[in-house]
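Asks: Below is one structure. I have some questions about it.
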Amino acid sequence: MSPAKTSHVTGPLTLDSPVTALRGVGPRIQEKLNHLGLRHVSDLLFYMPRRYIDRTRLYPIGSLRPGTSAQVEGTIELTQVKYGKRRSLLCRISDGTGALTVRFFHFSKSQQNRLQRGMRIRCFGQARFGAQTIEMIHPEYQLFEANESPAVEETLTPVYPATEGLQQSSLRKLAAQSLSILERAENGLTELLPDALLEEFTLPDLKTAITYVHKPPPDAQINELIEGTHPAQQRLAFEELLAQYLSLQRLRRATQSRPAMPLQANTDVVDQFTRSLPFTLTRAQRKALAEITGDLGKEIPMLRLLQGDVGSGKTVVAALAALQAIEAGYQAAFMVPTELLAEQHYRTLQGWFDAIGVEVLLFTGKLGNRERKQLLETLSTNRRCLAVGTHALFQESITFEALRLVIIDEQHRFGVHQRLSLLEKGKQGDIIPHQLIMTATPIPRTLAMTLYADLDISVIDELPPGRQPINTVAIPTTRREEVIERIQRACKEHRQVYWVCTLIEESEALQCEAAVDTSEYLARKLPGVKVGLVHGRMKAREKERAMAAFRGGEIQLLVATTVIEVGVDVPHASLMIIENAERLGLFQLHQLRGRIGRGDNRSDCVLLYLPPLSETARIRLDTMRNTNNGFEIARKDLELRGPGEMLGTRQTGLPELRIADLIRDAKLLPRVHAAAHMLLKEYPDRVQALIDRWLGPATRYSKV
Ligand code: ADP
Ligand code: MG
């Protein structure tokens, strides 16, 4: 980097310089970087490559197989805009061994003009089946004149977690600039791991590790790097896991150093309630409940995770916990991730609690002023109440008279940090409410220990009796008409059916549109069948009306987007069709399918897929056909994820990690735990710095 180019900055660049001091960072880029939590040069050093791509070789186009990622080079033969369902720019290239179509859905006029016939293009991307030839969609590419051929890269190219408006190429340049500053810095990065630890485990030092991961040397072990097992990566992963673990540990200690109200309920009332239920609790439910009751009776706040597969009956256990709080004279709150689920729980809980004079309140996003005032009035006067709602429950303006228990359902939808902010909102004066957190994510115990270092765990490991395994089949979309006939027959037998519209695009709008189209199409195809629709863009009241009609049997076929993915409980529904099943992850498929098979009638699930299937998609669908067991499905899911691939945070609520991979690096965990104890004992002053470095200052919980 020539100093002349950075002359607009006064003084030499250091690791503490703001990102704006780097070349190429104007206000727009600065904003994007800040959004990612990147404010200083040193932050960029800890913005880790998510993976690497191999651009050290060129592959013959003829050798490309769908599903593989590779770099190819060829001559542009034709560029044209195609107007179909979605406008796209197609560019056909060939290298003498075969032809490839490059497809762009987003493109500019000038981009189109540059992709001229006769130009050479070098692309890196994933090959997939296309209409005529193999395709690459939005590859990274370089253009050059026919007689040029720049050298290929000498070493692996890092790929950073991108954000809209920030190109990989600029992230790479920024990382390179930051590295050269590190190279020259007098006061480099502070080593926070104790020497003893580094020696004991022969870990490389921080500067070496950081340099290696951003800029692997040409002789780097490509496989190790791609798999994330190189000592440089392992060292950083170790440090990150340590920071995560320390942060959760500290949170737990901070929370539990505060008093909670012991909630001792009259057991007669609890027994009476249990007897009034239309079913008897399973052994697993009773065991979990006993553990919760034990915690509630203490003066330290409960921090308990209730794990149980979809349909295992977590709601009733939560209701019994709430009852204990209420019978002890205090209020409880029950938070869920979607309005649909809030409405449903409201209805269920009201059904159970009405008879014993407990008022159930519903808080969702859009409350009318009058409604809201009335709810707040009740919260401040009536202690015998349970508030159910989405995160709207924890708005500033809502105050409870005596909230002593907070229940969070489907915690994987909230993520660790959101949960923590709730804790903050739930506190009253010095007192912290007890917390019960529920999830269907069945992660192995060793992992749970680290991820939930701050939580005790109860597991519901059996389903209520009488459940029949769901019969699952995978059918190609070419046989869609047969599936529609099958719905016709099912409706004649008075069965109720879900049709789930999913799309790979994260766009909710497109997903809703598809659901509208599908419901119209199915209504035409199935005269005599009452078809309903529920999607995320409908008003809460419309959604609830559709759900109520489905629950009540007035609607036989409910076309839905993934809004029904979590928690929805309509026990009569017994057939589910899932579209684009090949594109969904195993855990999401399992969650969706968990909406059926909740009663004691036979249930069927049809996974509609678009052939041909990739190898992993085939294994996913096979797994779904072979088992209904959430733990088994989770195990397979973890196995199938490629090395370095992150566990989706949205899916599982696991913390977002920068370099560690909880599955790949699980073997580090015992050492991480040991290191945490050593640090806390011998170097307590380094703990905050470690947490700040990896989790960012946003995660200071000092106020808890
Ligand atoms: P999840 O654990 O997925 O949240 P729910 O709490 O929604 O499961 O329960 C699923 C269904 O099973 C509900 O209809 C519920 O009423 C019913 N249920 C819960 N416990 C039992 C039980 N012990 N016996 C029979 N049915 C039960
Ligand atoms: Mg549930």
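Asks: Scan region 538-563 for residues that are under 18 Å from LYS492 (Cα atoms) and either basic (Lys, Arg) or outside the structural domain of ALA514 (by TED's automatic domain parsing) (or both) and report the count.
Replies: 1
Asks: Suppose the filter is within 15 Å of ligand 1 (Cβ to nearest atom) and under 22 Å from the mean Cα position of the chain (by Cα); does GLY313 pass it? It would help to see each step written out before you state the result.
Replies: Numbers: within 15 Å of ligand 1 (Cβ to nearest atom): yes; under 22 Å from the mean Cα position of the chain (by Cα): no.
No; evaluated as a whole, the condition is false for this residue.
Asks: Still on this structure, I have one more. If I go through region 547-570 residue by residue, how many of them are more than 16 Å from ligand 1 (Cβ to nearest atom), part of a loop (DSSP other than H, G, I, E, B) and under 17 Å from LEU341 (Cβ atoms)?
Replies: 1
Asks: Looking for something surrounded by fewer than 22 Cβ atoms within 10 Å (Cβ to Cβ) and within 17 Å of THR502 (Cβ to Cβ) - is there at least one such residue anywhere in region 543-564?
Replies: Looking through region 543-564, at least one residue is surrounded by fewer than 22 Cβ atoms within 10 Å (Cβ to Cβ) and within 17 Å of THR502 (Cβ to Cβ).
Asks: How many residues does region 150-195 hold that are of a type in the set (D, E, K, R) and either touching a Leu at 6+ places or on another chain (Cβ under 8 Å) or in a helix (DSSP H, G or I) (or both)?
Replies: Kept after step one, since they are of a type in the set (D, E, K, R), are these residues of region 150-195: 153-154, 164, 172-173, 183-184, 186, 191, 195.
Then drop every residue that is not either touching a Leu at 6+ places or on another chain (Cβ under 8 Å) or in a helix (DSSP H, G or I) (or both), which leaves 172-173, 183-184, 191, 195.
The qualifying residues number 6.
Asks: Oh, and also: Just to be sure, is PHE400 among the aromatic types (Phe, Trp, Tyr) and under 21 Å from GLN264 (Cα atoms)?
Replies: Details: among the aromatic types (Phe, Trp, Tyr): yes; under 21 Å from GLN264 (Cα atoms): yes.
Spelling it out, PHE400 is indeed among the aromatic types (Phe, Trp, Tyr) and under 21 Å from GLN264 (Cα atoms).
Asks: Now for a separate question. Taking strands (runs of 3 or more DSSP E) that do not extend beyond region 31-118, which have at least 2 residues that are under 30 Å from THR211 (Cα atoms)? Step through it out loud before you land on a result.
Replies: Numbers: elements: 51-53, 69-82, 88-94, 99-104.
Correct list: 51-53, 69-82.
Asks: Continuing with this model, one more query. Answer yes or no: is there a residue in region 608-622 that is in contact (Cβ under 8 Å) with a residue 24 or more places away in the chain, of a type in the set (Val, Ile, Thr) and over 19 Å from GLU482 (Cβ atoms).
Replies: Within region 608-622 (the criterion being in contact (Cβ under 8 Å) with a residue 24 or more places away in the chain, of a type in the set (Val, Ile, Thr) and over 19 Å from GLU482 (Cβ atoms)), the answer is yes, since at least one residue qualifies.
Asks: Can you tell me which of GLU493, GLU508, GLU485 is modelled with pLDDT under 75, away from ligand 1 (no atom under 16 Å from the Cβ) and of a type in the set (Asp, Glu)?
Replies: GLU508
Asks: Could you look through region 394-418, keep only residues that are buried (at least 19 other Cβ atoms within 10 Å of the Cβ) and modelled with pLDDT of 85 or more, and pick out the one that is farthest from ligand 1 (Cβ to nearest atom)?
Replies: Going through the qualifying residues, I end up with PHE400.
Asks: Quick one: which of PHE273, PHE201, PHE238 is within 16 Å of ligand 1 (Cβ to nearest atom) and among the aromatic types (Phe, Trp, Tyr)?
Replies: PHE273
Asks: Also: Does LEU349 count as within 14 Å of ligand 1 (Cβ to nearest atom) and closer than 20 Å to ALA260 by Cβ? Give the steps one after another, and end with the answer.
Replies: Working: within 14 Å of ligand 1 (Cβ to nearest atom): yes; closer than 20 Å to ALA260 by Cβ: no.
Against the criterion (within 14 Å of ligand 1 (Cβ to nearest atom) and closer than 20 Å to ALA260 by Cβ), LEU349 does not qualify.
Asks: Let me ask something else. Of a type in the set (A, V, I, L, M), touching a Pro at 6+ places or on another chain (Cβ under 9 Å) and within 16 Å of ligand 2 (Cβ to nearest atom): is that true of VAL566 in this structure?
Replies: Yes.
Asks: Here's something else I'd like to know. Please enumerate the residues belonging to region 308-322 that are more than 12 Å from ligand 2 (Cβ to nearest atom) and buried (at least 23 other Cβ atoms within 10 Å of the Cβ).
Replies: Correct list: ALA321, ALA322.
Asks: Please give the number of the condition PRO442 fails out of (1) more than 12 Å from ligand 1 (Cβ to nearest atom); (2) modelled with pLDDT under 85.
Replies: Every condition holds for PRO442 apart from (1).
Asks: Run down PRO27, PRO60, PRO49 and say which single residue is closer than 28 Å to ALA151 by Cα, at pLDDT 90 or above and over 27 Å from the mean Cα position of the chain (by Cα).
Replies: PRO60
Asks: Evaluate the following for GLY130: is it more than 20 Å from SER169 (Cα to Cα) and at pLDDT 90 or above? Please lay out each step first, then the result.
Replies: Values: more than 20 Å from SER169 (Cα to Cα): yes; at pLDDT 90 or above: no.
Answer is no for this residue.
Asks: In region 276-307, what residues are surrounded by 15 or more Cβ atoms within 10 Å (Cβ to Cβ), in a helix (DSSP H, G or I) and more than 13 Å from ligand 1 (Cβ to nearest atom)?
Replies: GLU291, ILE292, THR293, ASP295, LEU296
Asks: Read through the list (1) of a type in the set (D, E, K, R); (2) within 16 Å of ligand 1 (Cβ to nearest atom); (3) in contact with a strand residue (DSSP E or B) (Cβ under 6 Å, 6 or more places away or on another chain), then give the number of the only condition that GLU359 fails.
Replies: (2)
Asks: Specify the residue that is farthest from LYS314 (Cα to Cα); the eligible residues are those in region 239-271 that are without any contact (Cβ under 8 Å) to a residue 24 or more places away in the chain, in a helix (DSSP H, G or I) and more than 28 Å from the chain's Cα centre (by Cα).
Replies: Only one residue fits best here, namely ASP268.
Residue-by-condition table, conditions (1) in contact with a helix residue (DSSP H, G or I) (Cβ under 6 Å, 6 or more places away or on another chain); (2) surrounded by fewer than 18 Cβ atoms within 10 Å (Cβ to Cβ); (3) among the acidic types (Asp, Glu):
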{"position": "LYS173", "(1), (2), (3)": "no, yes, no"}
{"position": "ALA176", "(1), (2), (3)": "no, yes, no"}
{"position": "GLU186", "(1), (2), (3)": "no, yes, yes"}
{"position": "THR190", "(1), (2), (3)": "no, yes, no"}
{"position": "LEU198", "(1), (2), (3)": "no, yes, no"}
{"position": "LEU203", "(1), (2), (3)": "yes, no, no"}
{"position": "LYS207", "(1), (2), (3)": "no, yes, no"}
{"position": "PRO218", "(1), (2), (3)": "no, yes, no"}
{"position": "LEU241", "(1), (2), (3)": "yes, no, no"}
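Asks: Next question. Go through PHE105, PHE46 for me and flag whichever is exposed (fewer than 14 other Cβ atoms within 10 Å of the Cβ), on the phi < 0 side of the Ramachandran plot and in contact (Cβ under 8 Å) with a residue 12 or more places away in the chain.
Replies: PHE105
Asks: In region 458-476, which residues are out of contact with any Pro (no Cβ under 8 Å at 6 or more places or on another chain), modelled with pLDDT of 90 or more and either within 16 Å of ligand 1 (Cβ to nearest atom) or not aliphatic (A, V, I, L, M) (or both)?
Replies: If the condition is that a residue be out of contact with any Pro (no Cβ under 8 Å at 6 or more places or on another chain), modelled with pLDDT of 90 or more and either within 16 Å of ligand 1 (Cβ to nearest atom) or not aliphatic (A, V, I, L, M) (or both), then SER458, VAL459, ILE460, ASP461, GLU462, LEU463, PRO464, PRO465, ILE470, ASN471, THR472 are the ones that fit.
Asks: Right, here's the next one. Which pairs turn up if I take residues in region 566-581 that are in contact (Cβ under 8 Å) with a residue 12 or more places away in the chain and farther than 19 Å from THR472 by Cα and look for partners that are in a loop (DSSP other than H, G, I, E, B) and of a type in the set (S, T, N, Q) with beta carbon separation below 7 Å, at least 6 apart in sequence or on another chain?
Replies: Listed pairs, sorted by first residue: VAL566/THR338.
Asks: Among the residues of region 573-609, write down those that are assigned to a loop (DSSP other than H, G, I, E, B) and either within 20 Å of the chain's Cα centre (by Cα) or within 16 Å of ligand 2 (Cβ to nearest atom) (or both).
Replies: Once the filter is applied, which keeps residues that are assigned to a loop (DSSP other than H, G, I, E, B) and either within 20 Å of the chain's Cα centre (by Cα) or within 16 Å of ligand 2 (Cβ to nearest atom) (or both), region 573-609 yields ASN580, LEU584, GLY585, GLY594, ARG595, ILE596, GLY597, ARG598, GLY599.
Asks: OK, next. Can you name the condition, by its number, that LEU341 falls short on among (1) surrounded by 21 or more Cβ atoms within 10 Å (Cβ to Cβ); (2) touching a Phe, Trp or Tyr at 6+ places or on another chain (Cβ under 9 Å)?
Replies: (2)
The values are calculated or read from the model by the stated rules, or taken from the named source; none is laboratory data. Since the structure is predicted, the reported quantities are computational estimates derived from the model, not experimental observations. Positions of Cβ are backbone-derived with ideal geometry, glycine not excepted, and every protein chain shown enters the neighbour counts.
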